[in-house]
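S.K.: This is the structure I have questions about; it appears just below.
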Amino acid sequence: MALTFICPDRDTGPWIKALNELDPALEIRVWPNDHPRSKIEMALTWAHPPGVLKEYPNLGCICSMGAGIDLLLTDPLLPNPDLPGNPAIVRLIDQKLVRDMSEYLLLAVLHHFRQFDFYQARKEQKDWHPLGPLEKKENIIGIMGLGQLGKAAAKSLQAAGFTVCGWRNSQIKIDKIPSFHGRDQLEGFLSRTRILICLLPLTCQTRHILNRDTFSKLPQGAYLINVGRGDHLEETDLLAALDQGHLSGACLDVFQSEPLPKDHPIWQHPKILVTPHISSQTNPRSVAPQILSNLKRLRTGKALLNRVDIKKEY
Ligand code: GLV
């Protein structure tokens with residue numbers, strides 16, 4: 001039995017190397033190379049061609065090569081994991097991914113809070129222009145999405161002295177982090193948030209949640225950091241909110257279209273910091289033990305790690 005990668009746009013080399021370092025006997029195939037589909041028990045996927053998973057009659061597990069599963073869900077022929085006999089769906093998330101995200105967010109928050117963009121612009125004019133110190137307590141950070149990534153980011157921002165609150169779909173109690181939930185509490189959450197971070201999974205409920213209406217509930221001068229998915233954001237609404245001066249700036253790591261097209265206005269916008277979807281990248285060496293552990297669990301009938309709830313879409 002073997003494992004296959006189905007990820008047309010990604011380099012599988014580092015993944016295969018990391019897995020074979022831990023298990024040299026593991027048989028690994030790469031779609032679409034010729035291989036007996038009936039021998040495959042686990043598929044690692046990223047942007048797989050719709051319908052292709054149906055070719056594998058003995059698949060026990062489909063594993064997203066990242067923490068998000070939204071790309072998997074775009075396949076209308078994705079086998080429903082809740083139906084008997086169909087493969088389970090899992091995702092990859094580990095301490096390194098969680099730590100890297102917290103680090104990126106701390107950096108993005110501090111870059112804004114310590115006004116580095118202002119000084120960078122002054123440098124061009126050789127203008128020595130110190131601004132007064134700001135109050136961390138007044139710059140409340142609101143995190144949308146309080147899963148593993150969101151909770152860890154909240155704790156690291158708190159440890160840096162910021163006041164943090166959170167919002168998610170359903171109720172959750174997290175020690176020392178005031179948490180809002182559901183659409184009814186969204187306005188209360190937004191009205192106190194000066195730095196809004198989106199770490200939500202992309203679902204039918206959250207698509208385009210960062211829109212004109214949402215921005216209008218944020219206080220004047222609020223700042224946006226989007227590390228969720230490009231489709232959380234109505235990009236034209238963001239550009240309008242920045243140009244009207246309601247939002248003071250944004251740091252974007254994800255975009256509706258990636259790579260961000262060269263003629264996109266976001267590239268030129270002076271108030272937007274752009275990074276190319278690198279806030280937290282799955283590291284093959286770091287997640288290889290998790291993949292092998294799930295393969296073992298699959299073979300021995302044990303519960304799989306990081307199983308996805310298809311009804312919740314994450
Ligand atoms: C990256 O975006 C991921 O889903 O891990």
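The values are calculated or read from the model by the stated rules, or taken from the named source; none is laboratory data. Being a predicted model, the structure only gives us computed values, none of them experimental. Positions of Cβ are generated from backbone atoms using ideal geometry, with glycine treated the same way; all protein chains shown enter the neighbour counts. Surface areas here come from the heavy atoms of the whole protein model, side chains and all, with no ligands, DNA or RNA. Shrake-Rupley method; radii C 1.70, N 1.55, O 1.52, S 1.80 Å.
S.K.: Using helices alone, what [θ] at 222 nm do you get for the chain, with -39,500 (n - 2.57) per DSSP H run of 4 or more residues, divided over all residues and rounded to the nearest 500? Can you show the working numbers first?
M.R.: Details: 10 runs with 96 residues, N = 314.
Helix contribution divided over all residues of the chain: -9000 deg cm²/dmol.
S.K.: Taking the simple approach of a point 7 Å from Cα along Cα-to-Cβ for both T300 and N86, what is their distance in nm?
M.R.: The two pseudo-label positions are separated by 2.8 nm.
S.K.: Taking +1 at the Cβ of each Lys and Arg and -1 at the Cβ of each Asp and Glu, which of Q185, F118, P265 sits farthest along the dipole of region 95-274 towards its positive end, judged by Cα position relative to the Cα centre?
M.R.: Final value for the positive-end residue is Q185.
S.K.: Let me ask something else about it. No solvent, one uniform scatterer per C-alpha: report log10 I(q)/I(0) for region 149-194 via the Debye equation at q = 0.22, 0.29, 0.33 1/Å, two decimals.
M.R.: Treating every Cα as an identical point scatterer, log10 I(q)/I(0) equals -0.75, -1.14, -1.26.
S.K.: What spacing in nm lies between the two simple spin-label points modelled at F118 and H264, each 7 Å away from Cα in the Cβ direction?
M.R.: If labels sit at F118 and H264, their model points lie 2.8 nm apart.
S.K.: Now, a different point. What is the dipole size for the chain, taken about its Cα centre, with +1 at each Lys and Arg Cβ and -1 at each Asp and Glu Cβ, in debye to the nearest 20? Provide the component values of the computation, followed by the final result.
M.R.: Numbers: 37 positive and 33 negative charges, 199 e Å.
Dipole size: approximately 960 debye.
S.K.: What are the radius of gyration and Dmax of the chain, computed over its Cα atoms and given in Å?
M.R.: Values for the chain (Cα only, Rg and Dmax): 21.3, 68 Å.
S.K.: Find, to one decimal place in angstroms, the Kirkwood hydrodynamic radius of region 92-154, where the mean of 1/r is taken over every pair of different Cα atoms and then inverted.
M.R.: Working: mean 1/r = 0.0723 Å⁻¹.
13.8 Å is the Kirkwood radius here.
S.K.: Restricting to DSSP loop positions (anything but H, G, I, E, B) with no more than 16 other Cβ atoms inside 10 Å of their own Cβ, which GluC sites (Glu not before Pro) remain in region 80-140? Write out the running numbers ahead of the final one.
M.R.: On the way: sites: E103, E124, E135, E138; in loops: E135.
Loop-located and lightly packed - E135.
S.K.: Okay, next question. What fraction of the DSSP beta bridges in region 95-274 is antiparallel, stated in percent and rounded to the nearest 5?
M.R.: On the way: 1 of 25 bridges.
Bridges in region 95-274 that DSSP calls antiparallel: roughly 5 percent.
S.K.: Report, in listed order, any pair from K96/K311; K137/K176; K39/K296 with a Cα-Cα distance greater than 21 Å. Walk me through the intermediate numbers first.
M.R.: Working: K96/K311 27 Å; K137/K176 15 Å; K39/K296 16 Å.
Listed pairs above 21 Å: K96/K311.
S.K.: For the pair E55 and K173, what calculated FRET efficiency results from E = 1/(1 + (r/R0)^6), where r is the Cβ-Cβ distance and R0 = 35 Å, to the nearest 0.05?
M.R.: Working: r = 44 Å, r/R0 = 1.27.
Given R0 = 35 Å and the Cβ-Cβ separation, E is 0.20.
S.K.: Then there is this: Taking Rh as the Kirkwood radius, which is the inverse of the mean 1/r over Cα pairs, what is the Rg/Rh value for region 95-274? Don't jump to the answer; show the numbers that get you there.
M.R.: Numbers: Rg = 15.9 Å, Rh = 16.7 Å.
Reported Rg/Rh (Cα atoms, Kirkwood Rh): 0.95.
S.K.: Work out the charge dipole of the chain with +1 on the Cβ of Lys and Arg and -1 on the Cβ of Asp and Glu about the Cα centre, then indicate which of L295, L3, L247 is farthest towards its positive end.
M.R.: It is L295, whose Cα lies furthest towards the positive end.
S.K.: Taking H placed 1.01 Å from N in the peptide plane, check which residues at least 5 places from N169 or on another chain put their amide H under 5 Å from its amide H.
M.R.: G182
S.K.: Given L26, A222, W15, which one lies farthest toward the positive end of the charge dipole of the chain, if we put +1 on the Cβ of every Lys and Arg and -1 on the Cβ of every Asp and Glu?
M.R.: L26
S.K.: Roughly how big is region 5-159's charge dipole about its Cα centre, with Cβ charges of +1 (Lys, Arg) and -1 (Asp, Glu), in debye to the nearest 20? All intermediate terms of the calculation are to be shown ahead of the outcome.
M.R.: Values: 17 positive and 19 negative charges, 98 e Å.
Charge dipole, region 5-159, about its Cα centre: 460 debye, nearest 20.
S.K.: Here's another thing I want to ask about it. Averaged per residue, what accessible area in Å² does the chain show with a 1.4 Å probe, protein chains only? Mind showing how you got there, number by number?
M.R.: Working: 15820 Å² over 314 residues.
Counting only protein heavy atoms, the per-residue value for the chain is 50 Å².
S.K.: Sticking with this structure for a sec: Tally up the carbon and sulfur contribution to the accessible surface of the chain as a whole percent, 1.4 Å probe, everything protein left in place. Can you show the working numbers first?
M.R.: Details: 8340 of 15820 Å².
Whole-percent figure for carbon plus sulfur exposure: 53.
S.K.: Here's a follow-up. Let's see if you can work this out: charge +1 on each Lys and Arg Cβ, -1 on each Asp and Glu Cβ, no other charges. What is the dipole magnitude of region 95-274 about its Cα centre, in debye to the nearest 20?
M.R.: Working: 22 positive and 19 negative charges, 133 e Å.
The calculation lands at about 640 debye.
S.K.: Out of the trypsin sites (Lys or Arg not before Pro) in region 226-304, which ones are loop residues according to DSSP with at most 12 other C-beta atoms within 10 Å?
M.R.: Answer by residue number: K262, K302.
S.K.: Tell me, how many Å apart are the Cα centres for region 1-53 and for region 299-314?
M.R.: 19 Å
S.K.: Take every Cα pair under 8 Å in region 138-294 that's 6+ residues apart, average their separations, divide by the length, and report that relative contact order as a whole percent.
M.R.: Numbers: 266 pairs, mean separation 26.5, N = 157.
In percent, rounded to a whole number, it is 17.
S.K.: Still on this model: Gap in Å between the Cα centre of region 182-247 and the Cα centre of region 55-110?
M.R.: What the calculation gives is 24 Å, centre to centre.
S.K.: Something else: Using the beta-carbon distance between N20 and E138 and R0 = 51 Å, what value does 1/(1 + (r/R0)^6) give for FRET efficiency, to the nearest 0.05?
M.R.: Details: r = 52 Å, r/R0 = 1.03.
So, using R0 = 51 Å, E works out to roughly 0.45.
S.K.: Related question: Evaluate the distance, in nm, between pseudo-label points positioned 7 Å from the Cα of S293 and of K155 along their respective Cα→Cβ axes.
M.R.: Between S293 and K155, the simple spin-label model gives 1.7 nm.
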